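Data first, discussion second: the structure below is written as structure tokens.
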Amino acid sequence: MLTSKDLIAAARLSAPPGGGNIGRGHKINKEEILGMYVALEEYVNRDHDKDWKIWEDQIAVIEKATHNIDGVTTEVVVPPVANHNPSLNISWTNNKIKLKGKDLGEKLRLGHPSIETIDWEEENSIRVTVFMLARGQEKTVAKRIREELILAAV
């Protein structure tokens with residue numbers, strides 16, 4: 001049976017090195033509580049329908065930039081669980097675009113500006129989400145994706 005002394009010794013394992021107290025590393029200060037309160041209040045009071053419309057409009061800009069590239073298809077998808085927001089799956093055929101999704105992802109990542117995509121789902125596709133973009137950045141994303149796909153076109 002554990003004694004109080006055993007429990008205190010176990011609790012000290014979570015304490016900062018050389019700390020003479022228990023649980024100090026798990027303390028939440030008033031600034032963190034206030035920050036969480038403000039974030040929650042901001043979320044509850046947002047116009048979520050307006051946000052969704054902005055995301056759809058941003059997706060449409062990227063989709064339009066790729067729609068006339070031979071061999072490229074697009075599909076708007078909404079993941080059922082995590083990141084539940086519209087995203088654009090851009091895929092292509094091997095005989096029209098000589099590029100793997102991971103290679104396109106790397107070219108975008110290493111380009112200027114750096115653009116991060118999801119490139120691990122299918123070999124010849126990437127997925128782009130826009131919920132973290134500021135207004136206008138979707139034009140840059142669209143331009144860069146279009147450039148790289150055209151460069152890889154056969």
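Descriptive notes on the structure:
- Note on the stretch 82-123: residues that are of a type in the set (Val, Ile, Thr) and within 21 Å of GLN58 (Cα to Cα) amount to 4.
- Residues of the stretch 122-142 that are part of a loop (DSSP other than H, G, I, E, B) and either in contact (Cβ under 8 Å) with a residue 24 or more places away in the chain or surrounded by 14 or more Cβ atoms within 10 Å (Cβ to Cβ) (or both): GLU122, ASN124, VAL130, PHE131, LEU133, ARG135.
- Test: ALA60 is crowded, with 19+ Cβ neighbours inside 10 Å, small (Gly, Ala, Ser) and under 14 Å from ALA142 (Cβ atoms): no
- Residue among HIS84, HIS67 that alone is touching a strand residue (DSSP E or B) at 6+ places or on another chain (Cβ under 9 Å) and of a type outside the set (Ser, Thr, Tyr): HIS67
- Criterion violated by VAL72 - all others in (1) modelled with pLDDT under 95; (2) among the β-branched types (Val, Ile, Thr); (3) surrounded by 10 or more Cβ atoms within 10 Å (Cβ to Cβ) satisfied: (1)
- Any hit, the stretch 75-87, residues being more than 16 Å from the chain's Cα centre (by Cα), at negative phi and either buried (at least 19 other Cβ atoms within 10 Å of the Cβ) or touching a residue at least 12 places away in the same chain (Cβ under 8 Å) (or both): yes
The values are calculated or read from the model by the stated rules, or taken from the named source; none is laboratory data. Please read all numbers here as calculations on a predicted model, not as lab measurements. All Cβ positions, even for glycine, are placed from backbone atoms using ideal geometry, and neighbour counts span all protein chains on display.
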